[in-house]
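Below you'll find the structure, written out as structure tokens, and then a few comments.
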Amino acid sequence: MQVQSGQDIPISVVGSSVFGRYPKINLEKTYNLFISDSWLVNYPGYEKTVEISTQGVGRGIFNSIRGAFILTVVGSIVYRINEDLVPRQVGAIKTVTGDVYIDENLATQICLVDGVDAYIYNYETGTFTAQNLTFGADPVLPGYVCYHNTFFLIASSEDSVNSENWYVYDRDTDSTIVQINQFSIQNKPDDSLLVSRLPGRGNNIIVMGSISAEVWTQVGGVNNYSKIQSFNIDNGIVSVSTFASSDTYACWLAQNEKNSPFIVVSNGSDFNRISSDGIDHLLDQISYPEQSTAFFYRRDGHLFYQITFYNEDDDLSLVYDFTTQKFFHLSDQDLSYYPARKVVYFGEDTYFVSINDGFLRKMDTEITTYDGEEIPRIRICNTVRKEDSDRFRAGMFTFWIEQGEAWKYITAPRVDMSISKNGNASFGNVVSKTLNPEGQYRNQIRWWRMGEANEFTIQLRFWGFDRFVCSAGTLTVY
């Protein structure tokens, strides 16, 4: 970047997490904020709505559109939550940890699978029944379930004797299902870990293993499904829980026998990598990629794919905004991972179950705290350098920020600014600016006389219990 005397240099106060391979290349990061209409605004906060259980953590959640209730699993107990948001136990499963996958058919049956057993909850009769799924003399250990065109499609867990198989089930009685077909993944010697609908492709489904995937189509008749022979996908899924789909896209954490994990998106026909070189390098550092979860979430015109690696050695949450096609970092109030496992939209609100406890939480951009605590909002901006690496003097730094809005709390909102002059190896002392109250909100936020450097990076941290709204900044250099 060419720097001349008295020149105003753009500072990317509004920006995403860019993921340079090394800090010297690029350290731009954004925590718990995202870009809306070219301004930096709050990512959704959350608040406790109801304590479902003190025993166990959230394992799965499902919005029954036909039944008009939420079905969720905490620990080993299955709860139904109606519009009054009161949890009522409807059944119990044998396992106490791990993800639970849920879907419903048109016959008032909801199927739950936990990697060991399948269960049918009939919300019309109120029965909750374990299913004895078998393939010949061997038990079927169901790892994933999806409803598709009158059938429950069930994939195998890795511990299944016949883990290469996936199955088609139909309603048998009010409380049971019956196996109609059995198929195997064919492209490579692999497990059939996931079977799901493809967005926008009514008759097509995707069957995924750990290193490969196939597209099948419903053809009717005795066999019901047939593999599309002309099309294979040379990557599989690292963690079944990272598979998520919207009305437009499907995303998952992918891998094959030759590559480390990366993020894939499909619109039902094309399959593309959305993670950059820097993100792939970051994902390559993940120690336990299988301990991860993800979901789609739509809010304020933005479609987000949020992925979390929750092992304490990894402790990372990222979100990809399909509207701006950018990544951002997320965290909880302690800069650990964002605790949502899965979300549902119910009664015009979004709720999630937590990886950490048994609470049902509401999630919304109008909620500007995490369970009543301050959200750590951080922006590390672009680095300013002269093309000839010569030194320059940093005069004034300023940017547009909304003031006067957040003074309803006892603690006044403020912005902390710190500077790195050593290629992002470290940042110096914090200089704080308290935001102005209502009536003085027209005053500008500015820092002056920040010294000489040949590399100059600004880090901002926003403190407060209300919203922050920020626009682009400038640095005057001499």
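The values are calculated or read from the model by the stated rules, or taken from the named source; none is laboratory data. What you see is a predicted model, and the numbers here were worked out from it, not measured in a lab. Glycine also receives a Cβ, built like all others from the backbone with ideal geometry; neighbour counts cover every protein chain displayed.
Listed by position, the strands (runs of 3 or more DSSP E) enclosed by region 261-320 that each have at least 1 residues that are aliphatic (A, V, I, L, M) are 292-299, 302-309. Checking each residue in region 62-93 for being under 22 Å from ALA244 (Cβ atoms), loosely packed, with under 14 Cβ neighbours inside 10 Å and hydrophobic (A, V, I, L, M, F, W, C) picks out only ILE65. Of the numbered criteria (1) under 20 Å from VAL78 (Cβ atoms); (2) modelled with pLDDT of 95 or more; (3) touching a strand residue (DSSP E or B) at 6+ places or on another chain (Cβ under 9 Å), the one THR125 fails is (3).
Is it the case, given these coordinates, that ASN204 is touching a residue at least 60 places away in the same chain (Cβ under 8 Å), farther than 25 Å from THR308 by Cβ and either in a strand (DSSP E or B) or touching a Cys at 6+ places or on another chain (Cβ under 7 Å) (or both)? When the stated conditions are applied, ASN204 passes them. Residues that are touching a strand residue (DSSP E or B) at 6+ places or on another chain (Cβ under 8 Å) and free of Cβ contacts under 8 Å to residues at least 24 places away in the same chain within region 73-87 comprise SER76, ASN82, listed in sequence order. Annotation note: of PHE34, PHE62, the sole residue that is of a type in the set (Phe, Trp, Tyr), in a strand (DSSP E or B), under 19 Å from the mean Cα position of the chain (by Cα) and outside the structural domain of ILE120 (by TED's automatic domain parsing) is PHE34. If you scan region 50-66, which residues turn out to be closer than 12 Å to VAL344 by Cβ and either modelled with pLDDT of 95 or more or in contact with a Lys or Arg (Cβ under 6 Å, 6 or more places away or on another chain) (or both)? Residues satisfying the conditions are GLY58, GLY60, ILE61, PHE62, ASN63, SER64. The lone criterion from (1) in a loop (DSSP other than H, G, I, E, B); (2) buried (at least 20 other Cβ atoms within 10 Å of the Cβ); (3) out of contact with any Gly (no Cβ under 8 Å at 6 or more places or on another chain) left unmet by ILE211 is number (3). The set of residues from region 321-339 being more than 21 Å from ILE35 (Cβ to Cβ) and either part of a strand (DSSP E or B) or under 13 Å from the mean Cα position of the chain (by Cα) (or both) comprises TYR337, PRO339. For region 223-260, a tally of residues being of a type in the set (A, V, I, L, M), in a strand (DSSP E or B) and within 28 Å of LEU316 (Cα to Cα) returns 6.
The condition of being under 21 Å from the mean Cα position of the chain (by Cα) and surrounded by fewer than 19 Cβ atoms within 10 Å (Cβ to Cβ) holds for only one of LYS48, LYS24, that being LYS48. Which of the following residues is within 15 Å of the chain's Cα centre (by Cα), over 25 Å from ASP37 (Cβ atoms) and not polar (S, T, N, Q): LEU316, LEU360? Sole residue among the options that is within 15 Å of the chain's Cα centre (by Cα), over 25 Å from ASP37 (Cβ atoms) and not polar (S, T, N, Q): LEU316.
Considering every residue within region 463-470, establish whether at least one is in a strand (DSSP E or B) and more than 16 Å from PHE397 (Cα to Cα). Yes, region 463-470 contains at least one residue that is in a strand (DSSP E or B) and more than 16 Å from PHE397 (Cα to Cα).
On inspection, VAL13 fails the criterion of being modelled with pLDDT of 95 or more and either in a strand (DSSP E or B) or outside the structural domain of ARG467 (by TED's automatic domain parsing) (or both). When MET450, MET417, MET396 are checked against the criterion of being assigned to a strand (DSSP E or B), at pLDDT 90 or above and under 18 Å from THR30 (Cα atoms), MET417 stands alone in meeting it. A single member of ASP270, ASP247 is without any contact (Cβ under 8 Å) to a residue 12 or more places away in the chain, under 29 Å from SER36 (Cβ atoms) and out of contact with any strand residue (DSSP E or B) (no Cβ under 6 Å at 6 or more places or on another chain), and it is ASP270.
Residues that are in the same structural domain as SER64 (by TED's automatic domain parsing) and closer than 27 Å to ALA250 by Cβ number at least 3 in the following strands (runs of 3 or more DSSP E) confined to region 104-171: 109-113, 118-122, 142-148, 151-156. Close contacts from region 298-323, counting a first residue that is outside the structural domain of LYS342 (by TED's automatic domain parsing) and within 14 Å of LEU283 (Cα to Cα) and a second that is aromatic (Phe, Trp, Tyr) and outside any loop (DSSP other than H, G, I, E, B), with Cβ to Cβ under 8 Å and a gap of 6+ residues or different chains, come to none at all. Each residue in region 363-378 was checked for being in a strand (DSSP E or B) and within 20 Å of the chain's Cα centre (by Cα), and 5 of them qualify. Scanning region 333-386 for residues that are buried (at least 20 other Cβ atoms within 10 Å of the Cβ) and of a type in the set (D, E, K, R) returns ARG341, LYS342, ARG361, ARG377, ARG379.
ALA254 falls short on exactly one of the conditions (1) buried (at least 22 other Cβ atoms within 10 Å of the Cβ); (2) aliphatic (A, V, I, L, M); (3) farther than 28 Å from VAL18 by Cβ, and that condition is (3). Scanning region 187-207 for residues that are crowded, with 16+ Cβ neighbours inside 10 Å and among the polar types (S, T, N, Q) gives ASN187, SER192, SER196, ASN204.
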